[in-house]
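Asks: Structure incoming, see below.
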Amino acid sequence: MRDMKNVSLLFICSLLIISCNQAPKQAGSSDLKPGNMSAAAPVRDGVFIHITQGYDDPHRVLMPLKMAVMMAADKDVLVYMDIHAVQLLTKESKDLNFADFESAHTYIKKLAGLNVGVYACPTCLKIAGFKPDDLMEGVQVAQKDKFFDFTKGRIITLDY
């Protein structure tokens, strides 16, 4: 009888060890949903891109905009522009160019076409002397909820 208890205890411990060593399921795995037998939609990770620079440093503006366009192919992307960067976002703003990059206005139009949110800090807009109505097409005034709702996956932040 004692041997039987030891065997049962050993069996239970083995099951616990095996279950603890199993890899966790990844978000967006292709498990079937009970009831409808359809595959779950994959969860995409998000990239939050923060741009503070303006006309004085075109490389620090155009590099993250280029990255936003490239990453939008398979990631959820949000671009947040504040400090000096808001000056680039108005209807009357002068376009920004730099070697080996497309222009800032070109990237912003591409992002709008890809349904990528491009957001301007409302306080920075005001300090720069602009109103929300001054923003070019495809650019919105930032709202804090959008920072969390743009993706269901993990969020990586790139800060320029």
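The values are calculated or read from the model by the stated rules, or taken from the named source; none is laboratory data. In this text the structure is predicted, and so the values were computed from the model without any measurement. Glycine gets a Cβ as well: all are built from the backbone with ideal geometry, and neighbour counts include every protein chain shown. Quick note on the areas: whole protein, heavy atoms, side chains included, nothing else; ligands and nucleic acids left out. Shrake-Rupley method; radii C 1.70, N 1.55, O 1.52, S 1.80 Å.
Asks: Name the residue that is nearest to the chain's Cα centre (by Cα), counting only residues in segment 43-71 that are under 12 Å from Thr151 (Cβ atoms) and either part of a loop (DSSP other than H, G, I, E, B) or of a type in the set (Asp, Glu) (or both).
Replies: My answer is Asp45.
Asks: If you don't mind, there's one more thing I want to ask. In segment 129-141, what residues are assigned to a loop (DSSP other than H, G, I, E, B) and either open to solvent by 90 Å² or more (accessible area, probe 1.4 Å) or at pLDDT below 95 (or both)?
Replies: Passing the criteria: Lys131, Glu137, Gly138.
Asks: A further question on this structure: Kindly establish whether Asp149 is of a type outside the set (Ser, Thr, Tyr), surrounded by fewer than 16 Cβ atoms within 10 Å (Cβ to Cβ) and touching a residue at least 24 places away in the same chain (Cβ under 8 Å).
Replies: For Asp149, the condition - of a type outside the set (Ser, Thr, Tyr), surrounded by fewer than 16 Cβ atoms within 10 Å (Cβ to Cβ) and touching a residue at least 24 places away in the same chain (Cβ under 8 Å) - is not met.
Asks: Of all residues in segment 51-74, how many are surrounded by fewer than 18 Cβ atoms within 10 Å (Cβ to Cβ) and either under 21 Å from Gly129 (Cα atoms) or without any contact (Cβ under 8 Å) to a residue 60 or more places away in the chain (or both)?
Replies: Adding up the residues that qualify gives 8.
Asks: From the list Asp82, Asp74, Asp149, which one is in contact with a Cys (Cβ under 8 Å, 6 or more places away or on another chain) and closer than 28 Å to Asp45 by Cα?
Replies: After ruling out the rest, the residue left standing is Asp82.
Asks: Determine whether segment 120-128 contains at least one residue that is in a strand (DSSP E or B), modelled with pLDDT under 95 and either of a type outside the set (Lys, Arg) or open to solvent by 40 Å² or more (accessible area, probe 1.4 Å) (or both).
Replies: Taking every residue of segment 120-128 in turn, none turns out to be in a strand (DSSP E or B), modelled with pLDDT under 95 and either of a type outside the set (Lys, Arg) or open to solvent by 40 Å² or more (accessible area, probe 1.4 Å) (or both).
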